[in-house]
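What follows is a single structure, written as structure tokens, with notes after it.
Since every read-out is calculated from the coordinates, none of them should be taken as a lab result. Just so it is clear, the structure is predicted and the values come from calculations on it, not from any experiment. Cβ coordinates were reconstructed from backbone atoms using ideal geometry, including for glycine residues, and neighbour counts include every protein chain displayed.
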Amino acid sequence: MTAVLARLIGAVGLFATLAVGAMLLVAPDLPGIRTLAATGAVGLAGWLYLDWPAVAGWAASRGGAELAWSVALIAVLVGIAAVSVRIADRFGTRWDVTPSRTHSVQERTAQILGELTVPVSLTAFYVAEGDAIERAHRARWAAMSEAFDAASPSVSVATYDPDVSRREAAAADVRSNGVVLVQAGDRTERLFAPDEASLLNAILRVAAARDRAVYFTSGSGERAPTDAGRTGLAQLAARLRALGLRVETLDVRRAQRIPDDAAAVLLVDPATPLGPGAADTLATFVDTGGALLVASEPHRPTGLETHLGRWGLRTADAVVVDPLVRAVVGDATSPLVARYGVHASVRGLRAPALFNGAAPVQSTDHDPTKATVHTLAETSELAWGETNPARHEQDDSDLAGPLSLLSLVELHPAGVATGMVVLSGDADWLSDPAMEELGNGDLAIRVLGHLGRQADLVKLPPRDRPTGTLSMDWMARVVLGIVAVLLVPGVCFGAGVGLWMRRRRL
């Protein structure tokens, strides 16, 4: 009975010891590894103590001695491997020998991350089994996040598939592909398919806890961030605060200038047009590098029309009619976004946003060397801009679709990027009810997040990335698969069988 108990204890100790070795090789930082190691040591020691005569007799035999030496050799090799992995994990050096340097960060990035002392977590949501473009985005993120993680012990990375990890995606309010949350303490920034420079700057912003604000204009009957209800902007303000931004109001009639901590300024549906002084204050802010969003209802001037035209944008004197959405929302004047643009601020968006009684946004005659206009969201081809509110039938006097519902202009006079302006002919798409519908909330945060991050802390030079790729036809893939899956393991297995049979004949 004692021998059976001793061997049972020894089996438990051996299993625990093997488990410890595997954990040291695969995940040396897993909790409970010390307890498991102690269990293994106690189990093996108890077996040797309780069953020593049998152990000694077995070890004295020829076969037992050889097996004991083999086990000891394997244990030594496993120990060496575990220690090597541990040393490499703590004092690792990475060599990126790829021509495009995909798996490493630039020297400036590595220097900044090496000096980072505040813990920063990167939580990414990338579709794993999407189309070729989505798979390429995930592969690009995997390489970049691995390089950031290796560059600093203060950076931790977690990547989820939003189609699989739906609970995590819902908790993070993620509705599109390529979303990355950068968190440090109680501060969070939301990025969308970031590159190395934008990810580095987001890390610096949350780590430095820079105090930045979004200002809603007041004094001309604008919609306020403190109002809740059908036309209120309280939900939008709450989402901005969740990104670590302060939300303030500013009476531009009395302000001589926009505060220096302004990440962006919002002018939403003023009841009366701004006066020349207030309009000039906002124009000066934009011309000197500021970011402005203007949203107004159709046929309601804002007082910024002259400056908007100078920048390259205007709202048409019409109302968008889209017959495709009549069956969905019951109102042809509530168009859905049929397509998002190619701009970085809307890249990867999936859910369409809903606009209500919107005026089309048009590009004016402007110097393309001084300003670039981007369509962020547009209607289907079947939509049109109705110039006569008394009818909803298209004729030659109406504007043909597709029509822009949301446009952005980037100013770059003299070739130097300065301010940005976003214009919408509808204010209801930012209201509280709209924030909970379809993709309105995601679109608003994407656009405002882009506006608020234009003044980056660090500028990184662009990389020269070779375009060469490795391509194989189907036969080459089959041969490579056979060699990797069957030939190499088969040779190793055959060698082991041959060695075993040879030892049996000795």
(request) Report the local net charge at V373: Lys and Arg +1, Asp and Glu -1, summed over other residues whose C-beta lies under 12 Å from its C-beta. (result) -1
(message) What do you get for trypsin sites (Lys or Arg not before Pro) in the stretch 218-291 restricted to DSSP loop and a cutoff of at most 10 other Cβ within 10 Å of the site's Cβ?
(response) R230
(request) Starting from the Cα of A208, step 7 Å along the direction of its Cβ; do the same at A72; then give the gap between the two resulting points in nm. (result) 6.1 nm
(message) Cut-off is 10 Å between beta-carbons; in what order do M420, M501 appear when sorted fewest neighbours first?
(response) M501, M420
(request) Starting from the amide H of F192, placed 1.01 Å from N in the peptide plane, find each other amide H under 5 Å away whose residue is 5 or more places distant or on another chain. (result) V180
(request) Between R347 and I133, with labels modelled 7 Å along Cα→Cβ, what's the label distance in nm to one decimal, could you check? (result) 1.1 nm
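Figure the gain on full extension for R254 and A38 (residue separation times 0.36 nm, minus the Cα-Cα span) and round it to one decimal in nm.
Values: separation 216, 0.36 × 216 = 77.76 nm, distance 7.24 nm.
Fully extending the segment from R254 to A38 adds 70.5 nm.
Could you give the C-alpha radius of gyration of the stretch 107-205 expressed as a fraction of 2.2 N^0.38 Å, taking N as the number of residues it contains?
Details: Rg = 13.1 Å, N = 99, 2.2 N^0.38 = 12.6 Å.
Expressed relative to 2.2 N^0.38 Å, the Cα Rg reads 1.04.
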